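Some notes on the structure that comes next.
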Amino acid sequence: MIKRGSVVSLAYTLTNAKKEELDKADAATPFLYLHGYGQLVGVLETSLEGMGIGEKKNVIFKPNADDHPLAGETLNFAVEVLSVRDATQEEIEHGHAHDGHGHGHGHDHGHDHGHDH
């Protein structure tokens with residue numbers, strides 16, 4: 001379940017009110033982030049809190065003036081949670097997720113990144 005200190009891998013499609021696709025990530029090249037440390041727009045992070053692997057959600061939000069060039073647009077963020085794991089101490093210290101392979105590899109399932117459960 002997604003909580004502060006989770007490293008989350010997402011597939012998503014971001015579209016605007018005209019249904020134009022602005023951005024996307026899929027299982028081959030997922031979006032990886034550290035939850036609870038301000039890496040996502042606040043409303044998105046709040047919406048994803050508590051979701052589990054395999055869950056999907058549509059989040060509609062209006063970026064405000066602070067959120068890059070999209071201010072004033074109504075955006076739809078269709079998201080699917082691909083994986084959730086606990087962040088390592090290093091990731092928490094750095095404030096962002098590391099995928100352990102450099103970037104662009106979407107197939108590190110089943111590898112434990114040094115957890116001591």
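The values are calculated or read from the model by the stated rules, or taken from the named source; none is laboratory data. Just so we're clear, the structure is a prediction, and the values are computed from it rather than from any experiment. Quick reminder, even Gly has a Cβ in these numbers, built from the backbone with ideal geometry, and neighbours come from all protein chains shown. Just the protein is used for accessible areas: all its heavy atoms, side chains included, with ligands, DNA and RNA removed. Shrake-Rupley method; radii C 1.70, N 1.55, O 1.52, S 1.80 Å.
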Against the conditions (1) assigned to a loop (DSSP other than H, G, I, E, B); (2) over 18 Å from ASP23 (Cα atoms), where does ARG85 fall short? Just the number, please. (1)
Complete set of residues in segment 37-57 that are crowded, with 19+ Cβ neighbours inside 10 Å and not in a helix (DSSP H, G or I): LEU40, VAL41, MET51
Among the residues of segment 75-91, is there at least one that is free of Cβ contacts under 8 Å to residues at least 60 places away in the same chain and among the small types (Gly, Ala, Ser)? no
When only residues in segment 1-36 that are over 17 Å from THR74 (Cβ atoms) and either without any contact (Cβ under 8 Å) to a residue 12 or more places away in the chain or of a type in the set (S, T, N, Q) (or both) count, which is most open to solvent (accessible area, probe 1.4 Å)? THR29
Select from segment 58-72 the residues that are assigned to a loop (DSSP other than H, G, I, E, B) and open to solvent by 40 Å² or more (accessible area, probe 1.4 Å) and write down the one among them that is modelled with the highest pLDDT. LYS62
Can VAL79 be described as assigned to a strand (DSSP E or B), modelled with pLDDT of 90 or more and in contact with a helix residue (DSSP H, G or I) (Cβ under 6 Å, 6 or more places away or on another chain)? no
